[in-house]
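Contents: one structure, followed by commentary.
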Amino acid sequence: MREELRIIADLVAPGARVLDLGCGNGELLAHLQQHKDVVGYGLDNGAEEIAACIRAGVNVIEQDLDDGLARFADASFDLVLMTDTLQAVRAPDELLDEMLRVGEECIVTFPNFAHWTCRLQLASRGRMPVAKHLPYTWYATPNIHLCTFTDFETLCRDKDLTITERFVVDQAYRQGALINRFPNLFGTTAFYRLRRTHA
Amino acid sequence: MFPPPDSVGIVTPQRRRFGALDLQCGVRLPAFELVYETYGELNADRSNAVLICHALSGSHHAAGYHAETDRRPGWWDVCIGPGKPIDTNRFFVVSPNNLGGCHGSTGPRSTNPANGEPYGPNFPNVTVKDWVRSQAMLADALRIDAFAAVIGGSLGGMQAMQWAIDLPERIRHALLIACAPKLSAQNIAFNEIARQAILTDPDYRDGEYVKAEANPDRGLMLARMLGHVTYLSDDSMGDKFGRELRSGDIASGHDVTFQVESYLHYQGRSFSKTFDANTYLLMTRALDYFDPAHEYGDDLVAALSVARCAFLVVSFSTDWRFAPERSDEIVDALVAARRDVVSVGVEASHGHDSFLLPVPRYLAVLSEYLDRVARECGQ
C-alpha cells in the first residue's frame, strides 16, 4: 500500500463508518475493511478505478465529486477521507463543508504549493513549478485549486473548522525537525484532521 | 459454425410441477408449473447457482438455441455463455419463466382445474413477491439453498431486490440493472395506456379471446409500440431511423411511411403473434404494484436493512424509463442501510434497452463483479 495510505489507515478508528472521496483502486478501503473492520464506501468516477474496486471487493459508487455529496444524509459517516484530491475539485471550500456535514470528522491530504522547490522555480525562473509532488505541466494538470498549508489553514479558520491533527511530511513521507519547524517551506504533503467547531 | 463457441448451444426447456401457492392477493393456486432452462453445471457444494429473472416480455429462454434453425438465441445471450459475464463454465444458471407468463409456466392460457377452462382474465393477480416465492420453490426442488447471485434487468432487477429483502439467507449477491425501487406516476401512466390499448380492442372479448378464437392483435401491437418507444432513447431512435422514409415522399404526401413507423409496426405485429394479452396485463400490474418499501412503513432504508447480500446496481445514462436517478434512490438507501453496494452508471446511447445490448463497459463491469462472485463460491 502507498505510504500515504498507510499513514491514513493508522488514523482511522476500528469499526468506523468511512466515506473515501476519490477512492482510486480501493486499496485503502480494502485495507480498512480487512484490518479495521470499517463499513466503507468509496466514490470515484474513473472506469478503471471502479473496476479495480470491484476486484478488491470494496463498496464503490461511481460519481463525480464535483456533483457534491447531497445524496448522503447529515452525519451518515464517522469519517470522510480525501487523499490528494482537494486541489482537483471545482469548489474545494464547498466540498469541505459538505464533508463535515455528512461526516463527524474528515481527513484531507494535499500537496504543498509553497514547498521551497516550487518557490524557487517561480522566483528564480519565473516558471510554474513542476516537482515530484506536483508532477504536471501547467497545461495538463488536473490540479485546478492548488494551495499552500498556510492558505488551507486560513480557510479552515474562516470556516470555523477545527484542525485536530496535522501531520506534515516530505516526499519520502518522513517527518523531521526542519519540517516541523518550517512545514510550509519543507513539507510536500500534509494530512489534516478536521472537525466542525461546535459553539 | 453452429453453435458459436461462446454459446451454451442447444438447450432444452425443463418443467416442474409444484403444489399450492398462496398468492399475495389472497387467492390460493392449488398447483402450478414453471418452465425453466439451466446452463452450466451445479458444483459439488451446490454454491454456484445464479438465478436469472426476466423482465416484462422475457421468458425462460435466456441463452442458447432451441434448434439449429433458430434465427436468434435467447434474450440475454449477450451476457450468458462460456466466457461471457455470466460464465456458464463457472456458474449453474437457472432461468425460469415467471408464474403468469405465456411461455410455458402456469398462466392465463393454462387450464383452471376448478372448471376445466383456460384461466384467461380470471388468472389471479401475481406480484413480484409471489414470483420470488415461486422461484424459491424451484430452488428447493433443485436443492439450491442459496443463490450465489440473483440477477435481473428492469422488472427482473425488481425481483432480485425482492429476493434480497424476502429471503436474505438465500441470496449472496443481488444484481439490479436498469431498475427502480418502485414505479413513478409516469411509468404507471405508460403502463395504463398500454393496458387500455388491449382492453379496448374489440377482439379482447373481456379477456375470453381464446375461447372466442380471437386475439387482440391490435391492442397488443399498440401496447408494444408504446413500450418500445419508452425503451429507446431519442438519440438512439435518431441514429437508427432519423427521418428516413421507407416509402412515399413528403412533398406529395402520398403513402408516406417513416422508417421508424415501419419498425414499430413490425415490432408490434410480431409481439402480438407471440405474447398473450392477459399476461401482458398481469405483468404490467405486477410492475405497477411493486413497492418493497411499503410493508416497511414506506421506508426503503428499513426494507433494505433486512437484506444480507451485497448489491451491484447498474444504470444507463440515456434510460428515461428507469433513469439513473432511480438507481441512485436504491444506492442511497443501501448506503443508509449500511449494505454492501457497487454502483455504476454506464454511458450508453440505447436507453432502457441498453441492459440487453453488448455495451462494452456494461459487460466489463458485470464480468468483473461476477468474477468476484465466482471466486467467492470457489469457482
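Brief remarks follow.
- Number of the exception - B:Asp298 against (1) on the phi < 0 side of the Ramachandran plot; (2) modelled with pLDDT of 95 or more; (3) not in a helix (DSSP H, G or I): (1)
- The set of residues from region A:51-86 being facing chain B (nearest Cβ under 8 Å), under 19 Å from the mean Cα position of the chain (by Cα) and aliphatic (A, V, I, L, M) comprises A:Val60, A:Ile61.
- None of B:Arg321, B:Arg339 is in a loop (DSSP other than H, G, I, E, B), in contact (Cβ under 8 Å) with a residue 12 or more places away in the chain and within 12 Å of chain A (Cβ to nearest Cβ) except B:Arg339.
- For region B:90-119, filtering for residues that are part of a loop (DSSP other than H, G, I, E, B) and either out of contact with any strand residue (DSSP E or B) (no Cβ under 9 Å at 6 or more places or on another chain) or more than 11 Å from B:Tyr39 (Cβ to Cβ) (or both) leaves 20.
- Residues that are over 24 Å from B:Ser134 (Cα atoms), under 20 Å from the mean Cα position of the chain (by Cα) and among the small types (Gly, Ala, Ser) within region B:65-89 comprise just one, B:Gly81.
- Any hit, region A:87-103, residues being within 11 Å of chain B (Cβ to nearest Cβ) and surrounded by 21 or more Cβ atoms within 10 Å (Cβ to Cβ): no
- Screening the candidates B:Ala293, B:Ala374, B:Ala333 for the property of being under 28 Å from B:Asn43 (Cα atoms) and either more than 12 Å from chain A (Cβ to nearest Cβ) or surrounded by fewer than 23 Cβ atoms within 10 Å (Cβ to Cβ) (or both) yields one hit, B:Ala374.
- Only residues that are part of a strand (DSSP E or B) and either more than 13 Å from chain A (Cβ to nearest Cβ) or hydrophobic (A, V, I, L, M, F, W, C) (or both) were counted across region B:301-318, and they come to 6.
- The helices (runs of 4 or more DSSP H) found wholly in region A:106-199 and carrying at least 2 residues that are under 26 Å from A:Ala75 (Cβ atoms) occupy A:149-158.
- Test result for B:Gly100, surrounded by 17 or more Cβ atoms within 10 Å (Cβ to Cβ), at positive phi and out of contact with any helix residue (DSSP H, G or I) (no Cβ under 9 Å at 6 or more places or on another chain): no
- Exclusive hit being among the hydrophobic types (A, V, I, L, M, F, W, C), under 26 Å from B:Met158 (Cβ atoms) and part of a strand (DSSP E or B), set B:Val8, B:Val35: B:Val35
- Test for B:Asp353: is it out of contact with any helix residue (DSSP H, G or I) (no Cβ under 8 Å at 6 or more places or on another chain), of a type outside the set (Lys, Arg) and in a helix (DSSP H, G or I): no
- When region B:342-356 is filtered for residues that are more than 10 Å from chain A (Cβ to nearest Cβ) and of a type in the set (Ser, Thr, Tyr), the ones remaining, listed by number, are B:Ser349, B:Ser354.
- B:Val359 being aliphatic (A, V, I, L, M), touching a strand residue (DSSP E or B) at 6+ places or on another chain (Cβ under 9 Å), within 14 Å of chain A (Cβ to nearest Cβ) and within 23 Å of A:Phe72 (Cα to Cα): no
- Listed by position, the helices (runs of 4 or more DSSP H) enclosed by region B:137-240 that each have at least 2 residues that are surrounded by fewer than 18 Cβ atoms within 10 Å (Cβ to Cβ) are B:185-199, B:217-231, B:234-240.
- Restricting the first member to region A:172-193 and to residues that are surrounded by fewer than 15 Cβ atoms within 10 Å (Cβ to Cβ), and the second to residues that are among the aliphatic types (A, V, I, L, M), the beta-carbon pairs closer than 6 Å and six or more apart or on different chains are A:Gln175/A:Val169.
The values are calculated or read from the model by the stated rules, or taken from the named source; none is laboratory data. Remember, it's a predicted structure, so these values are computed and weren't measured experimentally. Virtual Cβ from ideal backbone geometry, glycine too; neighbours counted across all protein chains shown.
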